[in-house]
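Worksheet for the structure shown next.
The values are calculated or read from the model by the stated rules, or taken from the named source; none is laboratory data. Quantities reported herein were computed from a predicted structural model and do not represent experimental measurements. Positions of Cβ are generated from backbone atoms using ideal geometry, with glycine treated the same way; all protein chains shown enter the neighbour counts. Please note that ligands, DNA and RNA were not included when accessible areas were found on the heavy atoms of the full protein model with its side chains. Shrake-Rupley method; radii C 1.70, N 1.55, O 1.52, S 1.80 Å.
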Amino acid sequence: MKKVFHLWIVSCVLLLSSVVSAESDLAIEITQGIDEPTPVAIVPFAWSGSSALKENIAQIVSADLGRTGLFSMMDPTTMLSFPTQQDQIYYRDWRLSKTEFLVIGRQIPAEGTQIKVEFELYDVLKEQRLLSERVSGTQDNLRDIAHYISDMIYQKLTGIRGAFSTRIVYVTAQQYGEGKVSYRLKMADSDGARPITIRQQSEPLMSPAWARDGSKLAYVSFESGRPAIYIQYLATGKREKVQSFRGLNGAPAWSPDGNKLAIVLSKDGNPEVYVLDLRSRSLARITHHYGIDTEPSWSPDGQSIIFTSDRGGQPQIYRLQLATRQLERVTYEGNYNSRGRLTHDGRFLAMVHRGDDNVFRIAVQDLKTGRLDTLTDTYLDESPTIAPNGSIILYATQKGVKGVLGGVTLDGNVRFILPATSGDVREPAWSPYLQ
Amino acid sequence: MRASNVTKAVALALSVAWVAGCSTSGTSERTGSTAGTDTGSTQGVSQNGGVSSSSMDDVANLQTVFYFDFDQSVVKANGFADLEKHAAYLAANPSAQVILEGHADERGTREYNMALGERRAKAVSRFLQVNGVSGTQVESISFGEEKPAVLGHSDSSWSQNRRVELKYVSR
């Protein structure tokens with residue numbers, strides 16, 4: 001019953017052609033949508049400066065909101081008029097084109113490269129102004145301004161805090177020469193734009209994880225020839241190696257208070273989950289089984305840890321209450337459920353799921369009702385990571401022979417991919433809200 | 001050296017049973033092929049009976065990559081003969097050391113595959129140790145699915161990526 005349509009967001013393509021960036025890895029393309037999203041029009045913002053702007057704020061905002069699947073964004077070429085002031089809005093025209101919400105804006109040059117951006121959000125049916133705000137910045141952070149505006153609009157229209165002003169990190173692997181691979185840890189805006197390399201090496205990098213304050217990452221690096229866990233501070237680039245042991249050192253996950261890391265070590269003979277207190281450096285083993293225990297992740301309240309274990313004969317997700325050591329199996333549907341991640345309200349569990357067709361897909365289980373929904377229809381899908389407001393899950397998938405990042409709304413209604421233009425892209429990790 | 005051959009055959013049989021027993025504990029798929037591997041092990045032992053135990057032979061021409069079935073960490077019978085020769089060499093040369101690099105194919109999650117790669121490396125490690133190699137001569141390092149031998153998303157690529165690579169760090 002669900003109508004599938006293909007909507008190619010041209011904005012990013014235009015951006016790519018106008019802004020030649022050294023590292024344009026990702027461009028959004030939406031591959032599936034839903035029937036009745038709310039129609040919203042973002043009218044191109046007025047610009048009273050003399051030189052051309054580097055970014056088109058209206059396009060970025062439009063793409064941001066469109067990716068959530070909640071809104072259908074009006075193509076500017078079909079707009080009857082381009083109001084930039086309240087008195088230029090003819091509500092009847094917008095009602096005729098079925099627009100329910102309208103955003104207009106003005107960009108005003110200030111001293112130097114400073115710029116002021118004023119924007120307003122209108123309810124077309126009620127002919128009412130819902131938002132009016134002025135943001136200041138420079139010509140170099142127009143994308144930040146755009147994501148901020150998206151956050152404001154999203155929150156006003158949905159009541160949920162927007163997560164557009166967040167970042168993602170991910171790993172790329174690019175072959176060069178004979179059997180040589182360059183592994184990079186990259187950070188980009190939540191829409192994949194402005195990627196920068198924050199670590200590059202010739203041995204594998206994996207499992208990047210954000211600290212909840214957004215200031216640092218933990219990840220696994222093989223730079224010493226063996227897997228070891230490192231913490232990297234984003235502001236300075238400074239790195240520190242976490243105490244490492246013989247065997248596996250992997251799957252770091254920060255506790256919500258940032259003081260502890262759940263990690264996987266096999267020093268006692270097989271993979272077990274440990275909690276490392278980063279202040280006292282004390283290490284506590286929390287799983288005890290001869291099977292594989294790995295991929296820990298904290299519940300948002302820090303009271304429990306979910307992890308993957310094959311103690312039942314196949315990988316399934318379990319939850320351990322830290323205070324009582326009470327263990328509970330969480331997943332039952334499917335023959336392989338792993339790498340669980342909880343939404344920030346703790347209600348939903350995103351995971352890699354393999355059902356009867358033996359294909360690896362992203363699924364979400366409602367922990368209240370137990371219902372499991374498979375969200376993706378590609379294969380080899382892995383590494384789900386959830387936006388801090390729970391709106392979108394990013395994951396790694398394959399397109400052709402390349403690893404790319406995909407996105408899907410939590411209800412599975414909208415999917416999009418961020419095609420890679422360089423290297424094999426994998427293991428996205430979505431940042432928390434950033435200040 | 002006939003006695004030593006008999007001892008070895010027994011040790012090998014034990015190691016097969018042990019490795020198979022340990023490795024099947026956590027794996028669910030294709031238990032049928034596990035049974036098949038056990039059957040194959042008997043052949044492996046009898047074939048090996050004809051090989052002399054000249055442990056000082058050069059190990060340079062031996063097989064160093066050992067492949068595994070999907071989701072399995074059971075050492076396959078076709079690797080027994082050469083693994084036994086590696087074991088004999090290591091046992092006779094206590095200063096020699098090997099690294100066993102365990103690898104998985106790309107299916108499944110990355111950290112889980114790290115665990116699977118380690119399980120495979122440890123299965124080979126146990127095989128060597130049962131055959132007289134000291135634990136201090138062997139180190140298992142898993143690379144999970146991070147270092148595929150072959151790129152591609154087909155059964156043939158995957159089968160070449162599910163492997164343990166035996167590498168001498170000193171002879």
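Meeting the requirement of 2 or more residues that are in contact with a helix residue (DSSP H, G or I) (Cβ under 8 Å, 6 or more places away or on another chain) and closer than 18 Å to A:G403 by Cβ, the strands (runs of 3 or more DSSP E) wholly within region A:150-242 are A:205-210. Across region B:102-132, the number of residues qualifying as within 14 Å of another protein chain (Cβ to nearest Cβ) and either farther than 24 Å from A:F222 by Cα or open to solvent by 30 Å² or more (accessible area, probe 1.4 Å) (or both) comes to 6. Against the list (1) part of a loop (DSSP other than H, G, I, E, B); (2) under 27 Å from A:A41 (Cα atoms); (3) open to solvent by 70 Å² or more (accessible area, probe 1.4 Å), the condition A:S136 fails is (1).
Report yes if A:T166 is under 17 Å from the mean Cα position of the chain (by Cα), surrounded by 16 or more Cβ atoms within 10 Å (Cβ to Cβ) and over 16 Å from A:W430 (Cβ atoms), otherwise no. Answer is no for this residue. For region B:142-151, the condition holds for no residue, the condition being that it is facing chain A (nearest Cβ under 10 Å), in contact (Cβ under 8 Å) with a residue 60 or more places away in the chain and buried (at least 20 other Cβ atoms within 10 Å of the Cβ).
Candidates are the residues of region A:176-206 that are small (G, A, S) and out of contact with any Lys or Arg (no Cβ under 7 Å at 6 or more places or on another chain); the one that is farthest from the other protein chains (Cβ to nearest Cβ) is A:G192.
Selection of first residues in region A:187-205 that are of a type in the set (A, V, I, L, M) and of second residues that are open to solvent by 50 Å² or more (accessible area, probe 1.4 Å) and assigned to a strand (DSSP E or B), restricted to Cβ pairs under 8 Å at least 6 apart or on distinct chains, gives the following pairs, ordered by first then second residue: A:M187/A:R167; A:M187/A:I196; A:A188/A:R167; A:A188/A:I196; A:L205/A:R184; A:L205/A:R199. List every residue pair whose Cβ atoms sit under 6 Å apart, with the two residues 6 or more apart in sequence or on different chains, where the first one lies in region A:47-64 and is closer than 24 Å to A:Y154 by Cβ and free of Cβ contacts under 8 Å to residues at least 60 places away in the same chain and the second, anywhere, is in a helix (DSSP H, G or I) and open to solvent by 20 Å² or more (accessible area, probe 1.4 Å). Correct list of pairs: empty, since none qualify. The residues listed here are A:L349, A:L410, A:L342; of these, the one that is closer than 22 Å to A:S431 by Cα and open to solvent by less than 10 Å² (accessible area, probe 1.4 Å) is A:L349.
Among residues of region A:412-422 being outside any strand (DSSP E or B) and in contact with an Asp or Glu (Cβ under 8 Å, 6 or more places away or on another chain), the one that is farthest from the other protein chains (Cβ to nearest Cβ) is A:G412. Can you confirm whether B:E84 is under 30 Å from A:Y395 (Cβ atoms) and either in a loop (DSSP other than H, G, I, E, B) or of a type outside the set (K, R) (or both)? Judged against the criteria, B:E84 is not a match. When region A:391-410 is filtered for residues that are out of contact with any Ser or Thr (no Cβ under 8 Å at 6 or more places or on another chain) and away from chain B (no Cβ under 14 Å), only A:G407 remains.
Hey, among A:P388, A:P428, which residue is modelled with pLDDT of 95 or more and within 14 Å of another protein chain (Cβ to nearest Cβ)? Answer to the selection: A:P428. Taking A:Y290 as meeting all but one of (1) touching a Cys at 6+ places or on another chain (Cβ under 9 Å); (2) modelled with pLDDT under 95, write down the number of the exception. Of everything listed in (1) touching a Cys at 6+ places or on another chain (Cβ under 9 Å); (2) modelled with pLDDT under 95, A:Y290 misses just condition (2).
If I filter region A:371-385 for residues that are within 14 Å of chain B (Cβ to nearest Cβ), farther than 30 Å from A:S165 by Cα and open to solvent by less than 60 Å² (accessible area, probe 1.4 Å), do I get at least one hit? No, region A:371-385 contains no residue that is within 14 Å of chain B (Cβ to nearest Cβ), farther than 30 Å from A:S165 by Cα and open to solvent by less than 60 Å² (accessible area, probe 1.4 Å).
Within the set B:V98, B:V164, the sole residue that is under 30 Å from A:N337 (Cβ atoms), crowded, with 23+ Cβ neighbours inside 10 Å and at pLDDT 95 or above turns out to be B:V164.
One residue stands out in region A:302-317 among those that are of a type outside the set (D, E) and more than 26 Å from the chain's Cα centre (by Cα): the one that is least open to solvent (accessible area, probe 1.4 Å), namely A:G313.
Given A:A209, A:A193, which one is touching a Cys at 6+ places or on another chain (Cβ under 8 Å) and either at pLDDT 95 or above or surrounded by 19 or more Cβ atoms within 10 Å (Cβ to Cβ) (or both)? The unique qualifying residue is A:A193. Is it the case that some residue within region B:60-75 is among the small types (G, A, S) and touching a strand residue (DSSP E or B) at 6+ places or on another chain (Cβ under 6 Å)? No, the conditions are met nowhere in region B:60-75.
Somewhere in region A:284-301, is a residue among the charged types (D, E, K, R), within 12 Å of chain B (Cβ to nearest Cβ), open to solvent by 20 Å² or more (accessible area, probe 1.4 Å) and without any contact (Cβ under 8 Å) to a residue 24 or more places away in the chain? The answer is no; no qualifying residue exists. What about B:E139, is it surrounded by fewer than 22 Cβ atoms within 10 Å (Cβ to Cβ), charged (D, E, K, R), modelled with pLDDT of 95 or more and closer than 21 Å to B:P94 by Cβ? Criteria met by B:E139.
Scan region B:55-72 and tell me whether some residue there is assigned to a loop (DSSP other than H, G, I, E, B), modelled with pLDDT under 55 and of a type outside the set (D, E, K, R). Checked region B:55-72: at least one residue is assigned to a loop (DSSP other than H, G, I, E, B), modelled with pLDDT under 55 and of a type outside the set (D, E, K, R). The set of residues from region A:219-264 being at pLDDT below 95 and buried (at least 24 other Cβ atoms within 10 Å of the Cβ) is empty.
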